[in-house]
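Structure, as structure tokens:
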Amino acid sequence: MISIIASRISRAGAWTAMLAGLAFAPAAHADIVPVSAAQCAAMKARHVITPANPVPCARLSTVSFDYTDFDGATRSGSVVVLDAVAPQVESLFGELLLRSTPLASAMPLENFDGDDEKSMAANNTSAFNGRPMTGGGAWSKHAYGAAIDINPLQNPYVGKAGSPQQQVLPPQAGADSLQRAPLRPGQAEDLVGVFYDHGFLVWGGNWKEPIDYQHFEIGSREFIRKLASMPRAQARAEFERYVARYRSCVRQGAPAHAGDADDDAPEDIALRDNCAARLRK
């Protein structure tokens, strides 16, 4: 009898110790804060934003989060995005952490003096940058805080693919980064569904020219301008409805056994792409 009681006490002690360990285990860090006056000043000083930018600092938020690096260690990073999309971006990076998706770096562009090529060369995942589109012309979707570039070395920008004039950015991306199968850690194909599920319904890897594997954006310039023109709360609600419509489309089109299915199966990829194409604005 004494031995039974001792055994039960021992097991109870083990459970208590385990629960105590869980209680004091470090939680994943995530946070959303408006871009501060000090950060805005740094962004201006380092050529990340100018008075001509289509979105001012007052409409930008910094999303901080934990991520897994390519060595399996947990790191802290952040991106700057349009305030309307910030909660979904926070959830997106939380999901990448749960999936142990590796990121090499995640720092705002003021750490690179607003130089996109420096950021790409450092394999930095980033969002806001007040710059024109690659190749010049109109404002990039990054200038609205409505686009994210992920792991540029694993997911390069490729212009005039397959031609003698082919351009690969960053140039440091190895030849293996142009081989998209079999997939390797950090490549974007495995993440398309996650980005779609959080409202980033355009993936540059689906483009014909250029092909921009690192690039995700929420939708058309008109839709982004609409969000930027709305009051913050109204814009956030509009974007949440946008996300909800996409998720509803996927649920309605999924087979009854979808919970047990491989979400990278061809039919699931086709469903996601069709819903994204139909619903993105």
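Points to keep in mind about this one:
- P(r) tail fraction, region 26-279 - alpha-carbon pairs more than 35 Å apart, %: 10 percent
- Kirkwood radius, region 167-208, all distinct C-alpha pairs, inverse of mean reciprocal distance: 11.7 Å.
- Exposure proxy order (Cβ contacts within 10 Å, fewest to most) of LEU60, LEU191: LEU191, LEU60
- As a proxy for reagent exposure, ranking ASP212, ASP66, ASP116 by other Cβ atoms within 10 Å from fewest up yields ASP66, ASP116, ASP212.
- Between PRO255, PRO87, PRO54, the residue with the greatest mean-square fluctuation in the GNM of the chain (Cα pairs under 10 Å linked by springs) is PRO255.
- GNM flexibility winner over the chain from PHE93, PHE128, PHE112 (Cα, springs under 10 Å): PHE112
- Taking the fewest neighbouring Cβ atoms within 10 Å as the starting point, the ordered list for LEU227, LEU92 is LEU92, LEU227.
- Estimated at 0.36 nm per residue, the fully extended path between ARG221 and ARG184 surpasses their Cα-Cα distance by 10.1 nm.
- Mean ellipticity per residue at 222 nm, deg cm²/dmol - from DSSP H runs of n ≥ 4 across the chain, formula -39500 (n - 2.57): -11500 deg cm²/dmol
- Over all other residues within a Cβ to Cβ distance under 9 Å of ARG59, the charged ones net out to 0, with Lys and Arg as +1 and Asp and Glu as -1.
- Kyte-Doolittle at least 1.0, axis length at least 30 Å by Cα - qualifying DSSP helices, the chain: 2-23
- Candidates GLY193, LEU153, GLY72 compared by Cα position along the dipole of the chain: farthest toward the positive end lies GLY193, with charges placed on Cβ.
- Descending Cα extents along the principal axes, region 163-281, whole Å: 46, 41, 22
- Rounded, prolate or oblate (a/c below 1.5 giving rounded, otherwise prolate when a/b exceeds b/c) for region 77-147 by Cα gyration tensor: oblate
- If you count Lys pairs in the chain whose Cα atoms are under 18 Å apart, skipping same-chain pairs closer than 8 places in sequence, the total is 5.
Since every read-out is calculated from the coordinates, none of them should be taken as a lab result. On a predicted model such as this, the values are computed, not experimentally measured, just so you know. With ideal geometry, Cβ positions are generated from the backbone for all residues, glycine too; neighbour counts draw on all protein chains shown.
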